[in-house]
Structures are given as structure tokens and as C-alpha cells.
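The values are calculated or read from the model by the stated rules, or taken from the named source; none is laboratory data. Everything quoted here is computed from the prediction, not taken from an experiment. Virtual Cβ from ideal backbone geometry, glycine too; neighbours counted across all protein chains shown.
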Amino acid sequence: MRRFEFGTDDLLRSRFALSPAFELCNLLGYLEGRTRQRLPPAWSARLMPVFQRLRRDTDLDAALALHTRTFGANFVALPPRGLDQSWDDDIAAIRATSLSQAHEEVEQCLAARPTRDPRVLATLRGDEVVARVADALDQAWHELLARDWPQLRAICERDVVHRVGRLGRSGWAATLDDLHPDLRWRDGGIDIRGTSSSSGSTTTLAGEGLLLIPSVFVWPHLATFIDDPWPKAIVYPARGTAALWETPDPVEPDALAGLLGRSRSRLLAALDQPASTTQLAQSLRLAPGAVGDHLTVLRKAGLLHRARSGRSVLYYRTPLGEALTAVTPDPTASPPGND
């Protein structure tokens, strides 16, 4: 069991973050077979041929060698910094790695995961290792993940909106308790069952706070980080990930679609948590203009409300909208963006 001990300052400094590079590393782990989980068949069928080609034609095998089952080289598994982190930010940081740092981390990874592949060893121990690994990862990003990233990022962002709303209504203890079945808030700290850390391991945050990272590819497990240069962090499955992996039954009739039309029924069903027009467009792969028009119709029909939260306008279902989707509303919930 892993335990994180909190102080008052830790609650004040805990925050959410996203990392495109970290999600790419997780996806590569799926494709290479480093994890117990497997991608859904449709994803695997689409991505595996590309992955195998990249392994043949680029230095991707060298990048893969920088990950073991328990850790990866820090210069390719970058610590997330905030919610607005982009792939361009991450690849720029990877390219800025010093040769001495890269070689030090390469040797740590090779000690944990030895390889005899002369091509991989020549790349990793050469003077161009940073540029060659960065080029391979950049190509992997654009061919394996860039197409799906807007949808996956929208899922993670909506998860954060949900958590922040719960934080405002119920406080940190309830917010943390809801992250994962193996995680519980107890006696001023977080207990996590089933981690790979040694039994009884306790980490005191000492005023640094905790980084909370929603992820699609960590599902259905949790991951924790306690070693520098990462901040103390918990990576948890973003809400909506399970539905992303599910294959809908094409023959089952959709009564709500018959009533509202397919696009509007999908939008109403997707609003189990508040979301913006952009988030909905990305997660459902619809044109933003069309989403905006459908939301207007649903709002005028009394099925949706909207409220401003920072720079975004979030939509959420009315009681009538909840009834149509057969979801019982939370009577204690307040509209998003309200204090």
C-alpha cells in the first residue's frame, strides 16, 4: 500500500495537469505489450501496423528501450506542468535535453532493461541520441496519437471540470475519495491499495502538494510518482475512458435518437458532466458550429442550462434532460461556475 501524508499547505498546492508526452509513452506501452492491459481490438487493428512500420523505419526501438515496466527516462517521460501543455511544448523540452543527462538516464534504463540490439545501442550511446529519439517520438505522435488527441484531451479536461465542481461542493476529501476504487482519503492522507510500491510505504508531501493527472491509457489502474524530477503525483483513469473503449451495438434501437435526432441525442447523452462546445465537438468528433446549433436547440427546448466558468461556457442537463436520458440528477449539485 502507498500512502501520501497531507498537510494544510499540501491541499492548497495540489493541482491538476495533463501531459501529451506521458500519454504517448502509455500508448507505446500498450502497443509494445509492456502492460497487462490491451487496446480495444479496433484501436489495435488501426495502430499496430503503423507501430510496426515505425519500429522498422525509425529509431522508435531506441525510444522504447528508455522505458521499463516500472519507470522511464525522465527526458522522454516528461513531468506534466499544467492543463495547457501541448505536444509542441513537450517535444521542445525533449529536444532541449543535455547530452550528459540523456546518457546518464540511458544507462539507468539499460541496466534495468538490457538490450543486445546493436542498432539500438548505437543510437542510445551516440552523440545524436537526443535528436534521434526526439525525431522518432515526434513521428510516433503524429502517426499514432495526433488524430485522436483532441478527443482524448477533451475526456481528460471534462474529468477535471467534474473534479473541480466536486471540490467546490464537497471539499478535497470527497474529491479525492472519488478518484478510483483503490484510493481512499483516511486520517489526513491518501491510501492506495494495489500499487507496486513496498508494503507500508509512506510519502510525506511536505508542503509540495500533489499533482493529479487524469489519463486515458492508464485505465483501469492507478500510477504513482514519488521520485525526482517528477513532482509527487497520482495518475488516475479519466471519467469516460471506459465508454471510449466500448464498442456500441449497431443493431440496438436508439429511442432517444428517434425523438431528437442522432447528433442531438449524442450531445444530450454526453452531458453527464458539464462541458463546453469545444470539448463536446472534440470528444464526439462533430463540427463546432454544428454542436453550437444543436446545443441552442436543446437549450431552447428546456433540456439544457448553461453557465460561465472562467472563459468557458459550460452546458449541463436540466431535470427534463436528465429524465430523458434516464439519469437521476444529484439534488445537492449546483450549476457549474456558481459559488
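Could you check how many residues of region 134-179 are basic (Lys, Arg), modelled with pLDDT of 85 or more and in contact with a Ser or Thr (Cβ under 6 Å, 6 or more places away or on another chain)? Residues meeting the conditions: 1. Among the residues of region 45-77, the ones that are among the β-branched types (Val, Ile, Thr) and loosely packed, with under 12 Cβ neighbours inside 10 Å come to 1 in all. Please indicate, with yes or no, whether at least one residue in region 169-192 is buried (at least 20 other Cβ atoms within 10 Å of the Cβ), over 30 Å from Leu54 (Cβ atoms) and of a type in the set (S, T, N, Q). Checked region 169-192: at least one residue is buried (at least 20 other Cβ atoms within 10 Å of the Cβ), over 30 Å from Leu54 (Cβ atoms) and of a type in the set (S, T, N, Q).
Quick check: anything in region 34-44 at negative phi, crowded, with 21+ Cβ neighbours inside 10 Å and either in a helix (DSSP H, G or I) or not assigned by TED's automatic domain parsing to the domain that holds Val218 (or both)? Among the residues of region 34-44, not one is at negative phi, crowded, with 21+ Cβ neighbours inside 10 Å and either in a helix (DSSP H, G or I) or not assigned by TED's automatic domain parsing to the domain that holds Val218 (or both), which makes the answer no. Among residues that are aromatic (Phe, Trp, Tyr) and farther than 17 Å from Arg239 by Cα, Trp141 is included. When the residues of region 264-310 are filtered to those that are touching a Leu at 6+ places or on another chain (Cβ under 6 Å) and among the polar types (S, T, N, Q), the one that is modelled with the highest pLDDT is Ser276.
Just one of the numbered conditions (1) in a helix (DSSP H, G or I); (2) crowded, with 16+ Cβ neighbours inside 10 Å is not true of Glu143: (2).
Among the candidates Gly207, Gly261, Gly188, which residue alone is out of contact with any Leu (no Cβ under 8 Å at 6 or more places or on another chain), modelled with pLDDT of 70 or more and under 30 Å from Thr296 (Cβ atoms)? Before the answer, list the steps.
Values: Gly207 fails: under 30 Å from Thr296 (Cβ atoms); Gly188 fails: under 30 Å from Thr296 (Cβ atoms).
So the residue among Gly207, Gly261, Gly188 that is out of contact with any Leu (no Cβ under 8 Å at 6 or more places or on another chain), modelled with pLDDT of 70 or more and under 30 Å from Thr296 (Cβ atoms) is Gly261.
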